[in-house]
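J.: Structure below; questions to follow.
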């Protein structure tokens, strides 16, 4: 086994270890450690990606050397490595962009706590990506939940607490369902490791026994993770959570945390339950319908918001809907589109959150439409970044959103029964997206209601500008040079089977 | 070299426009010169390709987004017509803009986006496949919307918002058409006669037709097709050079151009002819013509009236297009060219009146013909031409469209010809009332109110006169051009 | 075909002269000098035209507009009749106008457009194919518009716009027909008896008839045919008197010319005979004749009354044409000339009265015959002509129309037509003769004390006298016209 194969394990452990270490460090040092950790993970994940691309196969890696069926395994294939790489890039940029706000929003004594939570979150996300057994998955789902709650609360104002409680309740509900389905699965198969579990499921389906329990497992698994990732109609926690957390946290939560669960769901579908079984169980149609409704409802609600943070948060509801719709198409092309959209959305939404903050900075920290007028001139980098993000969401060619839209549409054409609904859904949702995002773009370039002094434009932090520009580049790369990534996704999905 | 000549005219104005945003605001005198230089350079390149190397040009791939999503330029007959058209109009319109925009606070921004729009429009004209077309179509929305927003008044903001929503919404539907061509077409490159491949599994004629209709209406947004037209009258709040060049020519013609591409080069006229989709789009076009010209009669705001006129005239182009025949396509292209000159001329005249006399409404124009004789004479020429009076260019294209309609035959042909003439009558009404008022003010109008009003300067007047001359020229001598268009429509013009 | 470029002279010379006159508006020349230019142009034009008309059947192609559309000219019998009529009338009315227009402003504009329209009329008479005809038809509409608008009062402008819109609408209806018939060869050179490609039209008779109908209605607009007559009673009276005269007397005839060209030289009378088109057309013309006379009878204002009379009289001509019968055709052609002379005289007379007294209503004209005897004598004589009392010319044309109708074999119309003509003649007498009667016999209570001689200058009376003489004399010696008309008819039937 090559040395590179250790990297997935190393990155999980490194992240966790950094979290522990940070508890005795002061804020700035914790920050440095955290940034170092994310960079290291990025490097390691890229190495794994290169390795798996080169070998063209995946490999499993058992932690702690317990033999199956009890062991804790991780598995690394192209898709896992790609996701890990993408996530660490986004994580790094989000932290960079939101950095100055972390130190203003969070009490000085607690800044190191923020980074502990980020470290833990990173480690749990990596674990969700790489895991090859369901129990590990569950453990890290919980760690993830706790870390996320901490991030939401850390701003310590009334909104934060309320949001965190909401998130906690919904999230635990989801975890609970996940746990129940896990137990049932264990009950009927006797396995927690993915490969043997899948074999057992295959045998059950072939024999025709346990049809109902299997259906329940699929349903609970889907619903549980759907709740956690905020699929309509379980989205009620999203706006508050994303809307009021500190910017870095909003960006991370919206672009990474929910995506981790979706990734896990896809992995479970393929690696445990068997994708054919899921497709034939019709649960997938429910996901499709809710995804589609989510796309529309999320956007409609976003239109109604005057607070831009909430607007962006509602837009997430819509985007999650896209992803579930892709999964719900029940074809490989649909799945590939969904995975690609995970990246698109992660890259775009964090860009939006970060650049929006850049705009608030020069508008007395206010986030409503009126106050933001003219902010595009006061902070040019953030203005342009926001416009790019908005256009990407609308599906403007050359940006990432266009490619995912194209992939969704192409996938839809290949599944005749869902074609018309999907295509019209895409079209309508594009228009709705245009309405709320471009309305905001126009208003940040319309004349301000009052004169802002010259000093306003100096309030914008440089790191934020740099992060914005980097995000734009990520978006352009996804939009212009998508072919290698799409190929990698296809290869990764094939490895899942 | 040839490949470079295809790519450069598109990229140069775009890059130049971005560069211009970097020139300090204070250097106000530099902007126009810079703009004109870039515009002329691009036009020169287009002409170079037009006159020298069009035949050998195999096209140029700029880059590839993914798989078959190539950004690909080529100048075939249609591209030659459209790029030739805009490359003539743009330098002149820019000249007009210099005088019109003098002293404007946001001149730099204006010229920057104005220049970029040129590149993007050329991109549409030269695009060699539907993907490229779609890309530049979206870009066009993006670079023109700051121009609508230009004044930053409440009205302008509202109009630009409407413009964006409509355009993006339209593009969303056009996108669907694109996807279907990508999947069911043998290639995305434009091929006269269509690229649909019935051998692709899952090919369902009705579904494809439905998607064509969606895409037709999608691109139809830019071409101001009823019921998705209402952005066009609203955006007349923009400065006149914008309304004239963009919302009477570049933007709206891009919509019509895209529909022609979609119909004749992607889905294929033979595939569509006689299907229900054919009649749906034909119906929409006819309704638009009637609606546009009727509303123009009702409208008393000068520029908005012209905007409604644009709505109906664009549908003339589309009417030619939906004849689904070579004759129809040639007719559509001829009206595409002629209407550009007629409408830009009349808009520039309206702009000159607004600029010199501050009159915005038709009922305020009494006696203006005495003070601005050249402008109004040119306006009269444009008006007569729009009405379709013989010896002016408009007659030629209407004749062609009507002949194509007759060729279609049956009730649709009858209806089409009838609608054409109804609209011509309405055009006569809404254009001639202006002319009559300007030259024959009612007794007792206040002559002193127009004191001090005089003809605009040479930079505004030159384009107006040139356009009027072109209208007359084509009215009398359009045969070589029309032969070229027929060749293009017949497929041998590549 | 041999090119005879001389034909272009009578078309473009007056246009050039007109543009020159327009340009003279700013020139510091005396009124007399300017009018001399105009007069010279009118005389020269008359000479040029006569010169061309004497050259036999010649043609010239001016320009190939598109691959199928050619603008070319050709002289035939019909051209001679219409061109000869229009240029002569133009000169006479022009002379009248020299005097009349002295109390109007913007004379240069009036005479400028007056000359340009003359060129357009000649072009129409000479036009060799349908599209070329249509081209100059539009030119005529747009250049005659300033004549209607001339006074620039609110009613004049509204009337001008009404004129414009009706004309354009009519022209477009005609164009509709041209669009459809173009494919059957209808845009080739005119030929007596029709030029449609019979093999191409086979199976498309419905379309053909509908197109023909649209063209008749469309061109009939200019001739004031019901239902598109509405502009005429509004527009003609609003123009200055000389303009009203030529509008009613000549320009309406161009609508007639158009119908002749369409029916007899493009489609061919045989195709239309005994079809619904002929029937509807006859009904429309008869309706127009009757309605026009009735309205004229009821009308109080002099010039409006004359305008309604035009509506009615021009439909005599159209009725004659609609019968598709040689005798009726001859009658129609004759009536074109007679009515033109008569109506010009009537309008000039009304103009002279307005010029001298400012009176516009019929009721105000008591005793006018005592004040302006020459004018009212002319008025009276042409009124009698119009009523159709022998031996005046009106009788000749109506005789041909009536006999044509009776022998046309159109069923009920063959007797209904003459009946309506008769009723209309009575009404004509009813609306025209009171002017004469009250003019010469104002009654016992008339205040002869205030009477003063107001006869206008020779410049005004001479044209009236000449035209009156023409109208009466042609009734007694109608041979020239009848021969020409029957020569044309022979080719047609």
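The values are calculated or read from the model by the stated rules, or taken from the named source; none is laboratory data. All values reported here derive from a predicted model rather than from experimental measurement. We place every Cβ from the backbone using ideal geometry, glycine too, and count neighbours over all the protein chains shown.
J.: Of all residues in the range C:232-249, count the ones that are surrounded by fewer than 24 Cβ atoms within 10 Å (Cβ to Cβ) and part of a helix (DSSP H, G or I).
T.: Count: 1.
J.: Next up: Given the options B:62, B:69, B:50, name the one that is modelled with pLDDT of 75 or more, surrounded by 15 or more Cβ atoms within 10 Å (Cβ to Cβ) and within 14 Å of chain A (Cβ to nearest Cβ).
T.: B:69
J.: Out of (1) within 11 Å of chain B (Cβ to nearest Cβ); (2) surrounded by fewer than 22 Cβ atoms within 10 Å (Cβ to Cβ), what's the single condition that is false for residue C:209?
T.: All conditions are met except number (1).
J.: For the range A:363-388, how many residues are in contact with a helix residue (DSSP H, G or I) (Cβ under 6 Å, 6 or more places away or on another chain) and either within 14 Å of chain B (Cβ to nearest Cβ) or modelled with pLDDT of 80 or more (or both)?
T.: 14
J.: Within the range B:199-255, restricting attention to residues that are within 14 Å of chain A (Cβ to nearest Cβ) and in contact with a strand residue (DSSP E or B) (Cβ under 9 Å, 6 or more places away or on another chain), which residue is nearest to residue B:349 (Cα to Cα)?
T.: Ranking the candidates gives B:208 first.
J.: Just a yes or no: is a residue in the range B:417-427 surrounded by fewer than 21 Cβ atoms within 10 Å (Cβ to Cβ) and over 28 Å from the mean Cα position of the chain (by Cα)?
T.: Among the residues of the range B:417-427, not one is surrounded by fewer than 21 Cβ atoms within 10 Å (Cβ to Cβ) and over 28 Å from the mean Cα position of the chain (by Cα), which makes the answer no.
J.: Any residue that is modelled with pLDDT under 85, within 11 Å of chain A (Cβ to nearest Cβ) and either part of a loop (DSSP other than H, G, I, E, B) or touching a helix residue (DSSP H, G or I) at 6+ places or on another chain (Cβ under 8 Å) (or both) - is there at least one of those in the range B:112-134?
T.: no
J.: Do the conditions hold for residue A:426, that is, is it surrounded by 23 or more Cβ atoms within 10 Å (Cβ to Cβ), under 20 Å from the mean Cα position of the chain (by Cα), in a helix (DSSP H, G or I) and modelled with pLDDT of 85 or more?
T.: No; evaluated as a whole, the condition is false for this residue.
J.: Same structure again: When the residues of the range A:389-406 are filtered to those that are in a helix (DSSP H, G or I) and more than 9 Å from chain B (Cβ to nearest Cβ), which remaining residue is nearest to residue A:295 (Cα to Cα)?
T.: Per the criteria, the residue is A:393.
J.: Considering the range C:41-76 alone, what residues qualify as being assigned to a loop (DSSP other than H, G, I, E, B) and either in contact (Cβ under 8 Å) with a residue 60 or more places away in the chain or within 12 Å of chain B (Cβ to nearest Cβ) (or both)?
T.: If the condition is that a residue be assigned to a loop (DSSP other than H, G, I, E, B) and either in contact (Cβ under 8 Å) with a residue 60 or more places away in the chain or within 12 Å of chain B (Cβ to nearest Cβ) (or both), then C:65, C:66, C:67, C:68, C:69, C:75, C:76 are the ones that fit.
J.: Now for a separate question. Looking only at the range A:180-200, filter to residues that are in a helix (DSSP H, G or I) and out of contact with any helix residue (DSSP H, G or I) (no Cβ under 6 Å at 6 or more places or on another chain); which one of those is surrounded by the fewest Cβ atoms within 10 Å (Cβ to Cβ)?
T.: Result: A:187.
J.: For the subset of the range B:183-196 comprising residues that are part of a loop (DSSP other than H, G, I, E, B) and more than 14 Å from chain A (Cβ to nearest Cβ), which member is farthest from the chain's Cα centre (by Cα)?
T.: The qualifying residue farthest from the chain's Cα centre (by Cα) is B:186.
J.: Taking the range B:368-424 as the region of interest, how many residues are closer than 30 Å to residue B:355 by Cα and facing chain C (nearest Cβ under 10 Å)?
T.: Result for the range B:368-424: 8.
J.: I'm checking my understanding of the structure. Among residues of the range A:201-217 that are within 21 Å of residue A:497 (Cβ to Cβ) and over 25 Å from the mean Cα position of the chain (by Cα), which one is surrounded by the fewest Cβ atoms within 10 Å (Cβ to Cβ)?
T.: A:206
Quick grid of which residues meet (1) more than 22 Å from the chain's Cα centre (by Cα); (2) modelled with pLDDT of 85 or more; (3) in the same structural domain as residue A:194 (by TED's automatic domain parsing):
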residue: A:3; (1), (2), (3): yes, no, yes
residue: A:12; (1), (2), (3): no, yes, yes
residue: A:32; (1), (2), (3): yes, yes, yes
residue: A:46; (1), (2), (3): no, yes, yes
residue: A:54; (1), (2), (3): yes, yes, yes
residue: A:71; (1), (2), (3): yes, no, yes
residue: A:75; (1), (2), (3): no, yes, yes
residue: A:82; (1), (2), (3): no, yes, yes
residue: A:91; (1), (2), (3): no, yes, yes
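J.: Continuing with the same structure: Name the single residue that is farthest from residue B:110 (Cα to Cα) among those in the range B:150-170 being at the interface with chain A (Cβ under 8 Å from one of its Cβ atoms) and part of a helix (DSSP H, G or I).
T.: In this case the residue turns out to be B:169.
J.: A follow-up question, please. Residues to consider are B:456, B:441; find the one that is over 25 Å from residue B:311 (Cβ atoms) and either surrounded by 24 or more Cβ atoms within 10 Å (Cβ to Cβ) or within 9 Å of another protein chain (Cβ to nearest Cβ) (or both).
T.: The conditions single out B:441.
J.: Are any residues in the range A:34-52 under 18 Å from residue A:98 (Cβ atoms) and out of contact with any helix residue (DSSP H, G or I) (no Cβ under 7 Å at 6 or more places or on another chain), and if so, which ones?
T.: The answer is A:36, and nothing else.
J.: Among the numbered criteria (1) buried (at least 22 other Cβ atoms within 10 Å of the Cβ); (2) assigned to a helix (DSSP H, G or I), which single criterion is violated by residue C:199?
T.: Answer for residue C:199: the failing condition is (1).
The rows are residues; the columns are (1) assigned to a loop (DSSP other than H, G, I, E, B); (2) closer than 21 Å to residue B:387 by Cα; (3) in contact (Cβ under 8 Å) with a residue 24 or more places away in the chain.
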position	(1), (2), (3)
B:229	yes, no, yes
B:241	no, no, yes
B:254	no, no, yes
B:259	no, no, yes
B:263	no, no, yes
B:286	no, yes, yes
B:305	no, yes, yes
B:312	no, yes, yes
B:317	no, yes, yes
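J.: A follow-up question, please. Filter the range C:440-457 down to residues that are modelled with pLDDT of 85 or more and in a helix (DSSP H, G or I), then give me how many there are.
T.: Qualifying residue count for the region: 1.
J.: Given the criteria over 22 Å from residue A:413 (Cβ atoms) and either under 20 Å from the mean Cα position of the chain (by Cα) or modelled with pLDDT of 90 or more (or both), does residue A:293 qualify?
T.: No.
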